[in-house]
Amino acid sequence: MLETFPTEAPFRINQVMASPLLMGFLFAVQLVLAAAATVAARRRSQFGWWLVICGLIGLTALFFSLASWGTSDIAKLNFYFDPVRETGPPLQALLPFEPFWWSLAPLIIQLPYRMAAVQGLIVAGFAAVPVLLSRSWNLQVWAGWWLLLLCSSPILHGFFQNSHSRQAFATLLAVPLFLWGIGVARGKALWVMGSALLSTVVHLTALPTLVLAGLPALRLVQWQRWTRRKSFWLLVSVLVLILVVLLSPLLTKLNAYAEGGFFSSYPIKTDVLRAQFLLVGTVAVVCLKQRHSWRNFLEEQEGCCLLLYLGCYVTIQASLFWRFFPQITFRFGDTVGIFLLLSFLAWLRRRQALFMVLPLLVFSLLAWGDRVMWPEGLNCGSDDDFLCIPDRWPWSIDYVIR
């Protein structure tokens with residue numbers, strides 16, 4: 001089955017090289033900083049902890065900015081944004097219904113490596129989520145390790161390694177809604193609504209992404225109390241307006257996906273299945289050790305969310321195996337994956353079994369380190385490989401593909 005996937009993409013860039021020593025060094029420094037953050041937290045040094053964490057997030061942004069340079073999506077968007085491009089339609093026609101990118105295009109072209117830098121910042125935004133969660137739960141000792149778990153997870157291959165930057169950013173903006181629905185972000189309604197509204201002008205997949213992010217709220221919200229509030233009906237009105245405006249182009253886009261025939265196998269790769277097995281096995285071991293029944297499991301908000309997103313992810317995988325609209329479903333694998341991993345962390349915290357994250361963490365780091373430090377099959381300049389970094393400084397890059 002996997003042999004049927006295409007091996008080429010329409011955009012290539014030849015200003016790339018492989019540098020495993022540099023990327024391996026950056027990864028090793030990330031490990032050191034994660035350990036340093038744990039030490040700083042144990043010594044109750046808030047300044048030291050923030051200093052190390054900011055350094056770790058910044059290094060994460062640098063790592064993914066360099067590593068994403070050779071991917072075709074980055075090359076394509078750099079070509080679209082180039083102000084001296086003489087061929088092709090205007091940016092508004094290339095990215096319809098995504099005014100966020102139109103407005104930021106003049107700023108993006110000033111960044112070093114342009115969209116590669118944006119990709120690094122987006123990954124850094126995802127990295128900040130578990131850090132903020134660890135702080136809100138008073139578990140700063142885990143901040144660096146949770147960050148590395150997220151950034152090295154094979155479950156998030158598309159967002160982090162294939163540079164699906166626009167959809168990834170739309171999903172990042174939906175994370176506050178997910179955290180509100182799972183019961184973590186309390187009293188932040190305006191921030192949640194603002195972030196959700198912004199996501200709708202970032203990527204057309206924002207609408208189904210917001211639906212996925214808001215699923216936990218169906219169990220949490222006391223609807224009889226909420227329906228008496230004016231804010232509830234204001235929110236409903238805004239959501240209906242978004243639905244009316246975006247539904248037609250979204251359906252058009254989904255129809256184009258369905259007719260295109262292309263779909264990716266990443267959600268059913270071996271490393272993903274192994275990580276999934278470790279996640280499920282960890283949950284089973286915790287339940288057995290604590291004599292935690294399925295009835296108790298379903299009574300917890302975190303437990304329900306974990307089962308919900310695990311079921312969604314398995315459904316996506318099944319659609320790839322049996323070819324049931326895989327062109328559409330695979331595009332939401334990473335979206336469901338980020339909610340699944342965050343639900344897993346929230347459930348472990350609820351069950352006071354934080355050390356049980358170690359099997360999944362160790363596996364992810366070993367697989368990630370093996371790929372970063374000893375890359376195999378890189379064909380920089382001829383294929384859109386992750387970890388193919390720029391071979392020259394930003395001011396020497398030629399962005400026009402001829």
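The values are calculated or read from the model by the stated rules, or taken from the named source; none is laboratory data. These numbers come from a predicted model, not from an experiment. FYI the Cβ positions are ideal-geometry reconstructions off the backbone, even for glycines, and counts take in every protein chain you see.
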Mind checking which helices (runs of 4 or more DSSP H) fall wholly inside segment 293-333 and carry at least 2 residues that are in contact (Cβ under 8 Å) with a residue 24 or more places away in the chain? 301-321, 326-329
Looking only at segment 206-217, decide whether some residue is surrounded by 12 or more Cβ atoms within 10 Å (Cβ to Cβ) and either modelled with pLDDT under 85 or of a type in the set (Phe, Trp, Tyr) (or both). yes
Log entry, pairs with first residue in segment 162-184 being at positive phi and touching a residue at least 40 places away in the same chain (Cβ under 8 Å), second being in a loop (DSSP other than H, G, I, E, B) and hydroxyl-bearing (Ser, Thr, Tyr), beta carbons closer than 9 Å, six or more apart or on different chains, reads Ser163/Ser68; Ser163/Thr71
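Can you tell me how many residues in segment 283-297 are of a type in the set (Lys, Arg) and closer than 16 Å to Leu354 by Cα? Explain how you work it out, then say what you get.
At the first step, the residues of segment 283-297 found to be of a type in the set (Lys, Arg) are 289, 291, 295.
Keeping just the survivors that are closer than 16 Å to Leu354 by Cα gives 289.
Total meeting the criteria: 1.
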Candidates Ser237, Ser264, Ser231 - the one that is modelled with pLDDT of 65 or more, small (Gly, Ala, Ser), over 24 Å from Leu361 (Cα atoms) and assigned to a helix (DSSP H, G or I): Ser237
The one condition in (1) modelled with pLDDT under 90; (2) surrounded by fewer than 18 Cβ atoms within 10 Å (Cβ to Cβ); (3) over 30 Å from Leu207 (Cα atoms) that Tyr399 fails to fulfil: (2)
If you go through segment 138-147 one residue at a time, do you hit one that is within 26 Å of Trp69 (Cβ to Cβ) and in contact (Cβ under 8 Å) with a residue 40 or more places away in the chain? yes
Looking only at segment 20-44, and only at residues there that are of a type outside the set (A, V, I, L, M) and farther than 15 Å from Ser134 by Cα, the one that is farthest from the chain's Cα centre (by Cα): Arg43
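What do you reckon, is Ile338 of a type outside the set (Gly, Ala, Ser), buried (at least 18 other Cβ atoms within 10 Å of the Cβ), touching a residue at least 60 places away in the same chain (Cβ under 8 Å) and touching a helix residue (DSSP H, G or I) at 6+ places or on another chain (Cβ under 7 Å)? Walk me through how you get there before you give the answer.
Values: of a type outside the set (Gly, Ala, Ser): yes; buried (at least 18 other Cβ atoms within 10 Å of the Cβ): yes; touching a residue at least 60 places away in the same chain (Cβ under 8 Å): yes; touching a helix residue (DSSP H, G or I) at 6+ places or on another chain (Cβ under 7 Å): yes.
When the stated conditions are applied, Ile338 passes them.
Hey, any hits in segment 106-119 for a residue that's charged (D, E, K, R), over 29 Å from Ala185 (Cβ atoms), modelled with pLDDT under 95 and not in a helix (DSSP H, G or I)?
Looking only at segment 106-119, we keep the residues that are charged (D, E, K, R), and these are 114.
Narrowing further to those that are over 29 Å from Ala185 (Cβ atoms): 114.
Next, from what is left, pick out any that are modelled with pLDDT under 95: 114.
With not in a helix (DSSP H, G or I) added as a condition, the list becomes 114.
Yes; the residues of segment 106-119 include at least one that is charged (D, E, K, R), over 29 Å from Ala185 (Cβ atoms), modelled with pLDDT under 95 and not in a helix (DSSP H, G or I).
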Would you please name the residue that is farthest from the chain's Cα centre (by Cα), looking only at residues in segment 379-392 that are within 19 Å of Gly158 (Cα to Cα) and crowded, with 18+ Cβ neighbours inside 10 Å? Cys380
Can we say Phe344 is modelled with pLDDT of 95 or more, over 21 Å from Ser72 (Cβ atoms) and either touching a Ser or Thr at 6+ places or on another chain (Cβ under 9 Å) or hydroxyl-bearing (Ser, Thr, Tyr) (or both)? yes
Does Leu251 fit the bill of being of a type outside the set (S, T, N, Q) and modelled with pLDDT of 90 or more? no
